[in-house]
Amino acid sequence: MLYRNKVKVMLDVNICLSEAEEQMEMSIMHLEDEFAHIRAGKANIRILDDIRVDSYGSMVALNNVAALSTPDARTIAIRPWDKNMIKVIEKAIIDSSVGIMPTNNGEVIRLAIPPLTEERRRDLVKQSGKVNEQPKISTRNTRRNTLDIRKKAQKDGLPEDAEKDAEEKLQKLHDKYIKKADELFAEKEKEIMTV
């Protein structure tokens, strides 16, 4: 019976580590999504992800009413499937936080991505740095919570060597995801600072 309880506690520790890794991975996925929305002077249709358009009485994502493309590094082209939507799409872009004035030729709406000034690039790097802190905080909190659960498992009969092994695995997971966040930030910083 005692052996069975130790096996159960070990399985619980492995499940706990697996859940911790999943939470850390989700924080990195969120970071990637946040970085995609930070405009770095190059055309990226992801900056339009949050725009909703009134399409026949319901608010839908912009990519549900138009084809989005980047014909060159400084232009986003929006080709509505219904030409009557041009004014509605333009208004949604103007009202959004994108900060770029759209132009159209009656068929295609174009967003010309302006080049970034040196000062704006530095501000975007600072913004990216702040965004980069969130998954690190989340990863540290996940590690702390998992350590608390592990300490409780030790009180419930987890052997000391298994507890140390779980702690080492957890620290390796923590270090891996902190490093991943820093690597993503370094890539974003390079992207922003490249003229």
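Summary table
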read-out: Residue selected from the range 79-130 under the condition of a type in the set (S, T, N, Q) and open to solvent by 40 Å² or more (accessible area, probe 1.4 Å), by the criterion nearest to the chain's Cα centre (by Cα); value: Gln127
read-out: Every residue from the range 163-195 that is farther than 21 Å from Met26 by Cα and polar (S, T, N, Q); value: Thr194
read-out: Hey, Arg144 without any contact (Cβ under 8 Å) to a residue 60 or more places away in the chain, surrounded by 14 or more Cβ atoms within 10 Å (Cβ to Cβ) and within 26 Å of the chain's Cα centre (by Cα) or not; value: no
read-out: Residue among Ile93, Ile100 that alone is within 30 Å of Asp50 (Cβ to Cβ), touching a strand residue (DSSP E or B) at 6+ places or on another chain (Cβ under 8 Å) and either assigned to a loop (DSSP other than H, G, I, E, B) or in contact (Cβ under 8 Å) with a residue 60 or more places away in the chain (or both); value: Ile100
read-out: Among (1) among the acidic types (Asp, Glu); (2) modelled with pLDDT of 90 or more; (3) open to solvent by 80 Å² or more (accessible area, probe 1.4 Å) - the single one Glu21 does not satisfy; value: (3)
read-out: Positions within the range 161-173 being within 16 Å of Asp12 (Cβ to Cβ) and free of Cβ contacts under 8 Å to residues at least 12 places away in the same chain, in sequence order; value: Asp165
read-out: Residue within the range 33-53 that is part of a loop (DSSP other than H, G, I, E, B) and either among the hydroxyl-bearing types (Ser, Thr, Tyr) or more than 19 Å from Lys188 (Cβ to Cβ) (or both) present; value: yes
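The values are calculated or read from the model by the stated rules, or taken from the named source; none is laboratory data. From a predicted model like this one, the values you see are computed outputs, not experimental measurements. No Cβ is skipped: glycine too gets one built from the backbone with ideal geometry, and neighbour counts run over all protein chains shown. Note: areas computed on protein heavy atoms with side chains; ligands, DNA, RNA excluded. Shrake-Rupley method; radii C 1.70, N 1.55, O 1.52, S 1.80 Å.
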